[in-house]
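Note sheet for the following structure.
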Amino acid sequence: MLTTRLATLADYADCARLFPELGVPDPVFTAEQFATRLLPRVVVAEADGRTVGYASWRLYGLTAHVVHVVADPAARRRGVGRALVGAVREHVADAGCSRWYLNVKRNNAVAIRLYQRAGMTVELESTSVQLPWAKVEELPRPAGPIGAFAPSPADDAAIAARFAIPVERVTAQRTRPGYVAAGVREGGVVAAFATFDPDYPGAYPFCATRPDLARPLLEALQPHALPDRGETLFVSVEGNAPLAGVLVDAGARVLFELYRMSAPL
Ligand SMILES: CC(C)(COP(=O)(O)OP(=O)(O)OC[C@H]1O[C@@H](n2cnc3c(N)ncnc32)[C@H](O)[C@@H]1OP(=O)(O)O)[C@@H](O)C(=O)NCCC(=O)NCCS
């Protein structure tokens, strides 16, 4: 029989074993990261006493972001994915969320079908790229005067409104331990914003009202890059093909093309 339940620390090994099935370049989470970053928002699916899948999510105010959904390859097409998605839906609806969303590779037809059956539709397209830091200087310079700034709590609402991001997500990203936030103002108005995880190293969200603002935004992040984390960074651009395009033109490699799918709850 297939059942789902909230995960505990004892499920770390099974979740870590299944994580590579997502096919993303992120290193598998450590037990400590599982405990502090994923739990308690993880469900596992069990069949005949075996763990056959897990799913995890994050909450940004009343918006839920489904982060991982994985079924064991040996147990696919038996309803594990559907059960996990259903369990996540129940938990986030119980938490009072009004919307849920996730990112899925545009060529992952199986997962897209699963999420469509759960009521989700495509909201926007996004692109993840890997950019050598050395290519930043090949990006176009902004035409007019701009000012880089370190966003503070007082900036969260303006950033959220400018880039249509839930304000809770801006706050959550800006305050994540170890993360660096950077912004660019033009005429006193926020025109670009990103948060950067030097440990990964990756920038997400990465938002700008014009492609030529990518350069000052990256220049604001670059001093925070860690020398032992390599010569490149990952950048995820949502719903902004010209911004992704300017990075690719400068020499970034496209890693994934994604859909963000979402639905009201
Ligand atoms: C996506 C994934 C979780 C689906 O898990 P699963 O347990 O095999 O899926 P289920 O058996 O619950 O099927 C649920 C629905 O998914 C779709 N689906 C699943 N496998 C499919 C396949 N091979 N072809 C087409 N649709 C498929 C169907 O719509 C299915 O519902 P239906 O049978 O009523 O039509 C699983 O394939 C997986 O772990 N993939 C690797 C990790 C991944 O890509 N995760 C998603 C990241 S966004």
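The values are calculated or read from the model by the stated rules, or taken from the named source; none is laboratory data. Everything quoted here is computed from the prediction, not taken from an experiment. Cβ: placed from backbone, ideal geometry, glycine included. Neighbour counts: every protein chain shown.
Scan the stretch 177-184 and give yes if some residue there is modelled with pLDDT of 95 or more, surrounded by fewer than 18 Cβ atoms within 10 Å (Cβ to Cβ) and more than 21 Å from the chain's Cα centre (by Cα), otherwise no.
no
In the stretch 9-29, which residue that is in contact with a Phe, Trp or Tyr (Cβ under 6 Å, 6 or more places away or on another chain) and without any contact (Cβ under 8 Å) to a residue 24 or more places away in the chain is nearest to SER56 (Cα to Cα)?
TYR12
Among the residues that make up the stretch 137-149, is at least one of them over 21 Å from THR4 (Cα atoms), crowded, with 17+ Cβ neighbours inside 10 Å and within 13 Å of the ligand (Cβ to nearest atom)? Walk me through it before giving the result.
Taking the stretch 137-149 first, the residues over 21 Å from THR4 (Cα atoms) are 137-149.
Keeping just the survivors that are crowded, with 17+ Cβ neighbours inside 10 Å gives 139, 142, 146.
If we keep only those that are within 13 Å of the ligand (Cβ to nearest atom) too, we end up with none.
There is no residue in the stretch 137-149 that is over 21 Å from THR4 (Cα atoms), crowded, with 17+ Cβ neighbours inside 10 Å and within 13 Å of the ligand (Cβ to nearest atom).
Quick one: is VAL42 at pLDDT below 95 and either under 14 Å from ASP72 (Cα atoms) or in the same structural domain as ALA83 (by TED's automatic domain parsing) (or both)?
Values: at pLDDT below 95: no; either under 14 Å from ASP72 (Cα atoms) or in the same structural domain as ALA83 (by TED's automatic domain parsing) (or both): yes.
So VAL42 fails the test.
Find the residue count for the stretch 60-73, including only residues that are surrounded by fewer than 19 Cβ atoms within 10 Å (Cβ to Cβ) and at pLDDT 95 or above. Outline the logic, then answer.
Keep residues of the stretch 60-73 that are surrounded by fewer than 19 Cβ atoms within 10 Å (Cβ to Cβ), which gives 61-62, 67, 73.
Subset that is at pLDDT 95 or above: 67, 73.
Total meeting the criteria: 2.
Are any residues in the stretch 65-77 touching a strand residue (DSSP E or B) at 6+ places or on another chain (Cβ under 7 Å) and not β-branched (Val, Ile, Thr), and if so, which ones? Break it down into steps so the answer makes sense when it comes.
Step one: of the stretch 65-77, the residues touching a strand residue (DSSP E or B) at 6+ places or on another chain (Cβ under 7 Å) are 65-72, 75.
The answer is HIS65, HIS68, ALA71, ASP72, ALA75.
Do any residues in the stretch 150-170 that are closer than 13 Å to CYS207 by Cα have Cβ atoms under 8 Å from those of residues that are buried (at least 18 other Cβ atoms within 10 Å of the Cβ) and of a type in the set (Phe, Trp, Tyr), where the two are at least six apart or on different chains, and which pairs are they?
ILE159/PHE193; ARG162/PHE193; PHE163/PHE193; VAL170/PHE193
Would you check which residues across the stretch 119-136 are buried (at least 20 other Cβ atoms within 10 Å of the Cβ) and closer than 16 Å to GLY81 by Cα and list them?
Restricting attention to the stretch 119-136, the residues satisfying the condition of being buried (at least 20 other Cβ atoms within 10 Å of the Cβ) are 120, 126-129, 131, 136.
Passing the criteria: only MET120.
So, in the stretch 42-64, how many residues would count as being within 16 Å of the ligand (Cβ to nearest atom) and not in a strand (DSSP E or B)?
Step one: filter the stretch 42-64 for residues within 16 Å of the ligand (Cβ to nearest atom), giving 42-48, 50-58, 64.
So of that shortlist, the ones also not in a strand (DSSP E or B) come out as 48.
Here the count works out to 1.
Could you tell me how many of the residues in the stretch 89-118 are within 15 Å of the ligand (Cβ to nearest atom), of a type in the set (A, V, I, L, M) and either assigned by TED's automatic domain parsing to the domain that holds VAL24 or in contact (Cβ under 8 Å) with a residue 40 or more places away in the chain (or both)?
6
What number of residues within the stretch 110-160 are in contact with a strand residue (DSSP E or B) (Cβ under 7 Å, 6 or more places away or on another chain) and acidic (Asp, Glu)? First the steps, then the outcome.
As a first pass, look at the stretch 110-160 and keep what is in contact with a strand residue (DSSP E or B) (Cβ under 7 Å, 6 or more places away or on another chain): 111-112, 115, 119-133, 144, 146-151, 155, 158-159.
Still in the list and also acidic (Asp, Glu): 123, 125, 155.
Selection size over the stretch 110-160: 3.
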